[in-house]
Amino acid sequence: MQPRRLTFATACAAAGLSLALMSPLPAQAAEQIMFVSQGGAYQKAQTIAILDPSAKKLGITINQDSVPDAWPIMRSQVASGKPTWDVVDVATNFCLRGGEQGIVEKLDFSKIPNAAAMPAEYRSDWSVAYEFYSSVLGYSLKKFPDAATAPKTWADFWDVQKFPGRRALRNHPLATLEAALMADGVPADKLYPLDVDRAFKKLEEIKPHITVWWTSGAQSAQLLNDGEVDMVMAWNGRISALAKEGAKVTYTYNQGILQSTSLCVLKGAPNLSTAIKFLNEAVDPIHQANLPLHIDYGPANPKAYDTGVIPAARVGELPSAPNNAKVQALMSYAWWTSAAGEAAEKRWLSFAQKK
């Protein structure tokens with residue numbers, strides 16, 4: 001079933017945001033694009049930090065739409081032969097899958113110098129990393145008040161004798177299989193190609209001790225906040241938001257799984273040349289450095305950390321900061337979009353359904 005499509009106006013209203021504050025450049029601007037993201041606080045933050053400054057600098061209008069799951073609409077728009085979207089902010093694996101299926105444009109990085117200067121593993125023929133977040137081990141400070149004896153690794157999460165308590169994992173194989181392998185002793189930089197049999201064997205070991213298999217970021221945070229679980233795999237921003245509200249929770253970046261959303265351009269985009277100019281501007285180090293001033297996501301362009309825009313204390317909180325990135329595993333979306341990765345996703349369904 002195709003997900004319910006949300007307009008950006010709806011997302012803004014839900015966030016209590018005035019559209020007037022989010023307006024793009026004047027309508028008379030000669031060039032324009034339709035930019036699609038995921039709505040809510042995230043789209044509000046990127047509008048302030050990246051979209052509005054990019055529109056002003058380039059002299060273009062950036063129209064916006066939002067949808068929680070862009071992939072089926074990307075496919076249907078391209079299939080129609082008359083796409084209306086230009087640039088889409090989406091999970092990196094969908095950009096790669098879109099490239100393989102002829103749904104997104106192949107990028108010419110000679111026209112995107114800011115992206116060309118980024119690490120090779122942060123881009124592909126069809127995508128440019130836009131922001132980073134992490135799947136991390138979070139836990140209750142009420143249950144584990146002493147940092148010296150709190151869980152610090154996925155092996156600790158799996159150790160129900162040394163670290164008793166209720167646990168939750170995501171009901172999805174991405175990052176969960178990586179965590180299982182690290183729990184079984186695989187180094188973070190030696191994960192790929194994933195040993196899927198080994199990962200599922202390790203998951204069978206912890207499965208009886210998982211109280212909840214969560215299906216949304218909000219649910220993962222709520223479980224920890226309400227004390228329904230004592231430790232959880234969750235996205236860093238969800239736990240940091242709770243902590244800022246005073247909840248007795250924290251997390252570690254150690255053995256986190258560093259993940260990204262990326263920008264890609266729809267095949268046959270109506271404003272292709274302008275879309276490419278915007279891609280370059282969106283990963284400009286200054287614009288990228290502005291993003292974490294408004295939301296708990298890390299810039300994708302490492303040069304953002306050299307700008308001086310991000311306060312030192314804030315740098316330490318971000319998933320893609322050099323000191324945090326080096327203790328994590330960088331997710332390989334190329335592996336997840338391979339035949340082996342797709343088979344692992346299908347296998348997950350059987351694992352999840354089996355009692």
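Maximal additional length on extending the ALA120-VAL160 stretch stands at 10.5 nm, based on 0.36 nm per residue less the C-alpha distance. Relative contact order, whole percent, for the chain stands at 24, derived from Cα pairs under 8 Å and 6 or more residues apart. The per residue volume of the convex hull around the alpha-carbon atoms of segment 250-355 is 166 Å³.
Listed peptides 84-97, 293-306 appear in the order 84-97, 293-306 once ranked by packing, highest mean of other Cβ atoms within 10 Å at the front. Contact order, relative form, for segment 131-190: 31 percent (alpha carbon pairs under 8 Å, 6 or more residues apart, mean separation divided by residue count). At an R0 of 45 angstrom, the distance between the Cβ atoms of LYS303 and GLU204 translates into a FRET efficiency of 0.55. Accessible surface of the chain, 1.4 Å probe: 53 percent of it comes from carbon and sulfur atoms.
DSSP finds beta bridges in the chain, and of those with both partners inside it, around 60 percent are antiparallel.
For segment 115-154, applying the loop criterion from DSSP together with a ceiling of 14 other beta carbons within 10 Å to the chymotrypsin sites (Phe, Trp or Tyr not before Pro) yields no site. Between ALA312 and ALA340, the simple spin-label model (points 7 angstrom out along Cα→Cβ) gives 4.3 nm. Across segment 164-243, Cα pairs under 8 Å and at least six residues apart give a relative contact order of 44 percent. Once the 1.4 Å probe is applied to the protein heavy atoms, segment 17-158 comes out at 41 Å² accessible per residue.
Once the C-beta distance of LYS152 and LYS244 is scaled by a Förster radius of 25 Å, the resulting FRET efficiency is 0.70 to the nearest 0.05. Annotation: amide H of ARG166 within the under-5 Å range of ASP230, MET231, sequence separation 5 or more or interchain, hydrogens built in the peptide plane. With the chain treated as a Gaussian network of Cα nodes joined by springs under 10 Å, which of ALA275, ALA45, ALA147 yields the largest mean-square fluctuation? Its mean-square fluctuation being the largest, the pick is ALA147. The listed peptides 248-256, 75-83, ordered by packing as a protection proxy, come out as 248-256, 75-83 (highest mean of other Cβ atoms within 10 Å first). A 1.4 Å probe run over segment 295-339, with the rest of the protein chains in place, finds 42 Å² accessible per residue. Over all directions, the projected convex hull of the C-alpha atoms in the chain averages 17.7 nm² in area.
Which distance in nm do the two modelled labels at ASP108 and SER76 give, with both placed 7 Å along the Cα-to-Cβ direction? So the two model labels end up 3.3 nm from each other. So how far, in whole Å, is the C-alpha centre of segment 184-222 from the one of segment 45-73? With segment 184-222 and segment 45-73 each reduced to a Cα centre, they are spaced 34 Å.
The values are calculated or read from the model by the stated rules, or taken from the named source; none is laboratory data. These numbers were taken from a predicted model, which means no experiment stands behind them. Neighbour counts run over all protein chains shown; Cβ positions are idealised from the backbone, glycine included. Only protein heavy atoms, including side chains, enter the accessible area calculation; ligands, DNA and RNA are left aside. Shrake-Rupley method; radii C 1.70, N 1.55, O 1.52, S 1.80 Å.
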